[in-house]
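The values are calculated or read from the model by the stated rules, or taken from the named source; none is laboratory data. What you see is a predicted model; the values in this text were computed from it and never measured. Reconstructed Cβ throughout: ideal geometry from the backbone, glycine too, with neighbour counts over all protein chains shown.
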Amino acid sequence: MFFEGFSLQHTTIAGTRYRFRAGGAGRPLLLLHGQPQTHAMWHRVAPLLAAAGFHVVCPDLPGHLPEAELALDLLRLMDALGHDRFGVAGHDFGAHVACRLSLDVPERVERLAVVEVVPVLDHVGRADMSFALSGYRGCWFGQLHPKPEALAVKAPDEWFRLAAPDEPRDFFDAEAVADYLLEGAWNEERRGHGAAAEGPVPALDMMERGQRRRIPCPMMVIWGRRGRIGGWYDPRTLWQHCAAHEVLGSELDSGHFVAEEAPEALAALLEPFFSEALAEPAEPMPPSRATPDSSS
């Protein structure tokens, strides 16, 4: 069953309408999706974590908001649900929003897990044409204008379902794909003025490094053995430069879409990590720069 035991809810926060699913009872855990997906990417992982004793919250991330605004809205959402402190896990762009949360309000985020992502400057400084063209999407968008843009907008199902011979896509659930096409970044009405993935993440990364701020909570990074993150980088080492604690790292037998390719293995890593008692910070936490508003 799709998101078994979870309820689909809607709320309006600071003028933006949010859709989210919540389920389970226990320690609060916020799961943030990547782009161009929706919260539906967690449909296999979330019920496993709820069964393990978590109250799991999976919101959509509106495509027109920068990650700083998203982080503040997510705090308001968790306030409305009665959660003062919580764990957060994010995939791809959702991981950058999760990092923003941990830096802005360290007193609220207990633990942080990032999936299939590296610090943006580490990626921007190393990525070259061979990296870009090594992936299906890079080859597609490497074609002359307007073919790639036209195909992506007019046939988004092809984007999700077509793949190179070594990139099978049969792991996508039909109901999840339908949700991506209806509610995700392909939907121009929902995107507003631009996709969140095009927001000021590199500027954020540079700002934090210039201030020598580090992620203050315990952190785990997870990547897929068949994805390009683990194939091109040492994710754990790169994140260690950004963290106050020793970063845990785990590789899974999957590609980029870890939550859908290896849901049981991913849940098996997240459950004990977020169940552990909060460790003492390795260094004093920086002061909060955002004050959550419980109104919604």
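Flag not set for ALA25, criterion: modelled with pLDDT under 95, over 22 Å from ASP92 (Cα atoms) and more than 15 Å from the chain's Cα centre (by Cα). Of all the residues in region 4-39, those that are touching a Cys at 6+ places or on another chain (Cβ under 8 Å) and among the aromatic types (Phe, Trp, Tyr) number 2. Scanning region 21-40 for residues that are under 12 Å from LEU61 (Cα atoms) and touching a His at 6+ places or on another chain (Cβ under 6 Å) yields HIS33, GLY34, HIS39. Aliphatic (A, V, I, L, M), in contact with a helix residue (DSSP H, G or I) (Cβ under 9 Å, 6 or more places away or on another chain) and not in a helix (DSSP H, G or I): is that true of LEU49 in this structure? It is false that LEU49 is aliphatic (A, V, I, L, M), in contact with a helix residue (DSSP H, G or I) (Cβ under 9 Å, 6 or more places away or on another chain) and not in a helix (DSSP H, G or I). Tallying residues that are modelled with pLDDT of 95 or more, in contact with a Gly (Cβ under 9 Å, 6 or more places away or on another chain) and over 17 Å from MET41 (Cα atoms) within region 71-126 yields 4.
Per-residue answers, yes or no, for (1) surrounded by fewer than 21 Cβ atoms within 10 Å (Cβ to Cβ); (2) in a loop (DSSP other than H, G, I, E, B); (3) not β-branched (Val, Ile, Thr):
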position: ALA25; (1), (2), (3): yes, yes, yes
position: LEU30; (1), (2), (3): no, no, yes
position: HIS55; (1), (2), (3): yes, no, yes
position: PRO62; (1), (2), (3): yes, yes, yes
position: GLU69; (1), (2), (3): yes, no, yes
position: ASP73; (1), (2), (3): no, no, yes
position: ASP79; (1), (2), (3): yes, no, yes
position: ASP84; (1), (2), (3): yes, yes, yes
position: ALA98; (1), (2), (3): no, no, yes
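Among the residues of region 247-280, those that are assigned to a loop (DSSP other than H, G, I, E, B), of a type in the set (D, E, K, R) and touching a residue at least 12 places away in the same chain (Cβ under 8 Å) comprise ASP253, GLU276.
Quickly run through region 204-227 and pick out the residues that are modelled with pLDDT under 85 and either under 14 Å from ARG111 (Cα atoms) or surrounded by 18 or more Cβ atoms within 10 Å (Cβ to Cβ) (or both). Those that are modelled with pLDDT under 85 and either under 14 Å from ARG111 (Cα atoms) or surrounded by 18 or more Cβ atoms within 10 Å (Cβ to Cβ) (or both): LEU204, ASP205, GLU208, GLY227. Inside region 1-21, can you point out the residues that are farther than 20 Å from VAL115 by Cβ, under 19 Å from the mean Cα position of the chain (by Cα) and crowded, with 19+ Cβ neighbours inside 10 Å? Hit for region 1-21 is TYR18, nothing else.
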